[in-house]
Amino acid sequence: MTAATMPTRRSRGRSGRGITRGQAAAGWLFTAPVLVILGLFLLVPVLMALWVSVSDWTGRGSPISGDVHFIGAQNYGQVLWAGGLAEQDFGVALRNNLWYVLLVVPTQTIVALFLATMVNRRLLRLRGAFRTAYYFPSVTSSVAITVLWLFLFSTSGAINAVIGWFGVKGPNWFNDPDGIFHFGAQSGPRFLTGHTILGVSWWDWIGGPSVAMFAFVLLAVFTTSGTFMLLFLAALQNLSGDVEEAAMVDGANGRQRFFRVTLPQLKPTLFTVITLGLIGCWQVFDQIYTGTRGAPSKTTLTPAYLSYQAAFEGNQWGQGAAIAFILFAIIIIFTLIQRWVLAERAVSKRRMRWITDYQRTAARSGTGAAR
Amino acid sequence: MKITRAGAVLVAAVAAVTLAACGSGFNSGGGKQESKKPLTVLIGSSGAAETTAVKQAVADWSKKSGIKATVQAASDLNQQLAQGFSSGKPADVFYLSTDALAGYASNGSIYAYGDKLANKDDFYPSLVKSFTYDGKLQCAPKDFSTLQLIINTDAWSKAGLTEADYPTTWDQLTAVAKKLTTGTQTGLVIGGEYARVGAFMTEAGGNLMNADSTKATADSAANLKALQYVQDNLKAGDFKYAADVGAGWGGEAFGKQLGAMTIEGNWITGSQQNDYPDVKYKVVPLPKGPAGAGTLQFTNCWGIAADSKNKSGAVDLVKALTSKSDQLAFSKAFGVMPSIQSAAGEWKKEFPNLAPFLEAASYAKGVPAAKGSADVVSDFNAQVAKLTTADPKTILSSTQKNLEALLK
């Protein structure tokens, strides 16, 4: 509908207005069921959780009854700055999950992109079979995969047996709480152990994920790469061959075509994949719940699981809700950062100068822009 | 237009009904006379044997009392309890652990019926203490378990040891553990957590909290002595944690003969029978520490919800379930120990080889029960799992700090 048609519609007679009004009402009528469902099962629970996070609700009866009081940011304080066990637990959970995100998101994106380009090749035989195989872990229940992982990575499991062929004694995967970037060191230098953030020492922050958490990192890459491969594949198949051919005519080699031609065109998909990856990684729960429940030594504790534990096991409903909202904020912040990093920008003057210089020298030496 | 208006009314009506249905969760329904209202029993079962036994006992009571009662085995007891309390429709009768008691008692979720029990004095005093909150016995102890030393008798004789060598002191325990340690087998394999290592703390005369859970006693010299003793043996390789030999718990390591001894409770008999019937074992009292005999005890009680629609029926059911006959039936079915002293004689006659577990009732210490103590214990566990390389003093002082924070 263009702006020009609007006045004519308005200038119609009485009956016309009636029809429009009827349409609006019908529109509301048809959207009402969804609005009610969304409101009841999405908006109301979120608002209630927000209220619980600033209340002293103890988990008995309705949180909106008269016995429940507003206590301000106390629950958030317990988790963020009170200096107690709750803060330390949150710090540990945040440390674990941060490393998880840092390792999983880039790896799964790269692996997914790699797989997608591989199965997108026209010359590849059994393309369908490969696509199915890579996608299979994604459609399997995460509980089943976690159980499989517990067996594979047990002390005497298949993974350690394979490692054993090379004469190396495999780690005690899901029971090993040592940070992988500590490289076996048990205590750090004083300036690292002496300072803490959120009750966790700098030494522990830089220690990386524990061996146990690293097994979960591998699991996440294994299960999610297939899904994201599918997204990349769809995007790759949408790319027109002309651009690629033009690059070929210009003399670009395979590597250059991929990084300079294909990848920039995949940017929207890349954004989707990284956003979904970030959100999924920060919300990791089911693997932890079925697998280790935070053990060994809390190194697989994540904010999502901690929130559940605080509320349902510890009866600290306010704290549990507060952790959930902090997690929400973290996800938003990370997504915004990512959006900013991947944003379309005009080529900076410095870079533009570099490009023109390069073209000029290339033209002078007569080798062409793309060597 | 007419249709639209009717539709709008319809939507409003649907919304109203849906919302009303939601709201009804917070009201109490009318109807039947209170004393005959049906009961639900929520249990955290260890397996089919326990579920069947409890179902049987509850069905027998239903027949006698004429009150319908259904037993539900929870897949996650804590979560299901929490959901019940928050919706205002909790199970009437349920298993309640010592560390969950304080939380639910303080917010008024549970009904303190302890004083209505005629046989209150028959329960072991230490169990009664575990379930006393605010000076009132909140719920009837269901049963209890203690830790003792389990010895693989074949490994024992193979190492040239006899019955006279059953360790009675820490030094002796170290000595026999050393002798029992061979290529694939460690002398003593235990779970790396408070619920096992804590036994040594009680033998040294310490514990994380005092008996009433009103004072934090984690950083005592006794606890330090205990942790140092365990640490020394872990370093020497005579003791190992179950996780470090690739086992889920001490019983599994013992059954797979990765450890010649373990420290476990009376529940070990079931798993040995089912999973490792070929491993012969004997239960002996844990060695005495610097402060004499000591061990930990674990227990649950039969909680009754304050929001139950039939409290008198629920109390009546609990009276039946804690009676001597029912408790002995439970013992036979799934190996727990009766919470009442009057059943001790018959229990020992029935299970003579498990007698050390029951005899520990006189000196066993309970686990911390202050509100929030479960989190502190799990933090202690996280640290004690790394005891080989950690500093015991640091572990205890951080635990002391966390426990003191609970009591503020």
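The values are calculated or read from the model by the stated rules, or taken from the named source; none is laboratory data. Everything quoted here is computed from the prediction, not taken from an experiment. In this analysis, Cβ positions are derived from the backbone assuming ideal geometry, glycine residues included, and neighbour counts consider all displayed protein chains. With ligands, DNA and RNA removed, areas are computed over all heavy atoms of the protein, side chains included. Shrake-Rupley method; radii C 1.70, N 1.55, O 1.52, S 1.80 Å.
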Which listed residue, of B:Gly345, B:Gly335, is at positive phi and not assigned by TED's automatic domain parsing to the domain that holds B:Leu234: B:Gly335
Against the conditions (1) within 21 Å of B:Ala177 (Cα to Cα); (2) within 14 Å of chain A (Cβ to nearest Cβ); (3) out of contact with any Ser or Thr (no Cβ under 7 Å at 6 or more places or on another chain), where does B:Thr262 fall short? Just the number, please. (2)
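Could you look through the stretch B:92-102, keep only residues that are outside any strand (DSSP E or B) and open to solvent by less than 10 Å² (accessible area, probe 1.4 Å), and pick out the one that is nearest to the other protein chains (Cβ to nearest Cβ)?
B:Ala102
Based on what the data block shows, is A:Leu35 surrounded by 13 or more Cβ atoms within 10 Å (Cβ to Cβ) and either modelled with pLDDT of 90 or more or more than 10 Å from chain B (Cβ to nearest Cβ) (or both)?
On the way: surrounded by 13 or more Cβ atoms within 10 Å (Cβ to Cβ): yes; either modelled with pLDDT of 90 or more or more than 10 Å from chain B (Cβ to nearest Cβ) (or both): yes.
Yes: the conditions hold for A:Leu35.
Condition first: small (Gly, Ala, Ser) and away from chain A (no Cβ under 11 Å). Now tell me which residues in the stretch B:387-408 satisfy that. Let's see the steps before the verdict.
Just the residues of the stretch B:387-408 that are small (Gly, Ala, Ser), to begin with: B:390, B:397-398, B:405.
Scanning the stretch B:387-408 gives a single hit, B:Ser397.
Residue check: is A:Gly167 over 20 Å from A:Thr300 (Cα atoms), away from every other protein chain (no Cβ under 14 Å) and part of a loop (DSSP other than H, G, I, E, B)? First the steps, then the outcome.
Numbers: over 20 Å from A:Thr300 (Cα atoms): yes; away from every other protein chain (no Cβ under 14 Å): yes; part of a loop (DSSP other than H, G, I, E, B): yes.
Answer is yes for this residue.
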Which condition number in (1) in contact (Cβ under 8 Å) with a residue 60 or more places away in the chain; (2) within 14 Å of another protein chain (Cβ to nearest Cβ) is the one that B:Lys142 fails? (2)
If we keep just the residues of the stretch B:333-350 that are out of contact with any strand residue (DSSP E or B) (no Cβ under 9 Å at 6 or more places or on another chain) and without any contact (Cβ under 8 Å) to a residue 60 or more places away in the chain, which is least open to solvent (accessible area, probe 1.4 Å)? B:Gly345
Note: among B:Ser126, B:Ser86, B:Ser75, just one is in a loop (DSSP other than H, G, I, E, B), among the polar types (S, T, N, Q) and open to solvent by 10 Å² or more (accessible area, probe 1.4 Å), namely B:Ser75
The stretch A:69-87 - residue that is within 17 Å of A:Trp202 (Cα to Cα) and within 24 Å of the chain's Cα centre (by Cα) and, of those, farthest from the other protein chains (Cβ to nearest Cβ): A:Leu80
Which one of the conditions (1) within 14 Å of chain B (Cβ to nearest Cβ); (2) at pLDDT below 90; (3) touching a Ser or Thr at 6+ places or on another chain (Cβ under 6 Å) does A:Ala93 fail to meet, given that it meets all the rest? (2)
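In this structure, does A:Thr302 turn out to be out of contact with any Ser or Thr (no Cβ under 7 Å at 6 or more places or on another chain), open to solvent by less than 20 Å² (accessible area, probe 1.4 Å) and more than 14 Å from chain B (Cβ to nearest Cβ)?
Values: out of contact with any Ser or Thr (no Cβ under 7 Å at 6 or more places or on another chain): yes; open to solvent by less than 20 Å² (accessible area, probe 1.4 Å): yes; more than 14 Å from chain B (Cβ to nearest Cβ): yes.
Judged against the criteria, A:Thr302 is a match.
Report the residue count in the stretch B:43-55 for those that are of a type in the set (S, T, N, Q), assigned to a helix (DSSP H, G or I) and in contact (Cβ under 8 Å) with a residue 24 or more places away in the chain. Give the derivation first.
Taking the stretch B:43-55 as the starting set, the residues that turn out to be of a type in the set (S, T, N, Q) are B:45-46, B:51-52.
Checking the rest, the ones that are also assigned to a helix (DSSP H, G or I) come to B:51-52.
Narrowing the set further to residues that are in contact (Cβ under 8 Å) with a residue 24 or more places away in the chain leaves B:52.
So the answer is 1.
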Selection over the stretch A:270-299 where residues are surrounded by fewer than 20 Cβ atoms within 10 Å (Cβ to Cβ), assigned to a loop (DSSP other than H, G, I, E, B) and within 14 Å of chain B (Cβ to nearest Cβ) yields a count of 2
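Have a look at A:Gln316, A:Gln287 and point out the one that is within 30 Å of A:Phe151 (Cα to Cα), of a type in the set (S, T, N, Q) and in contact (Cβ under 8 Å) with a residue 40 or more places away in the chain. I'd like the intermediate steps shown before the answer.
Values: A:Gln316 fails: within 30 Å of A:Phe151 (Cα to Cα).
It is A:Gln287.
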Which residues, taken from the stretch A:190-202, are at pLDDT below 80, away from chain B (no Cβ under 14 Å) and open to solvent by less than 60 Å² (accessible area, probe 1.4 Å)? A:Leu192
Can you tell me which residue in the stretch B:359-386 is nearest to B:Pro285 (Cα to Cα), limited to those that are free of Cβ contacts under 8 Å to residues at least 24 places away in the same chain and either away from chain A (no Cβ under 14 Å) or among the small types (Gly, Ala, Ser) (or both)? B:Ser362
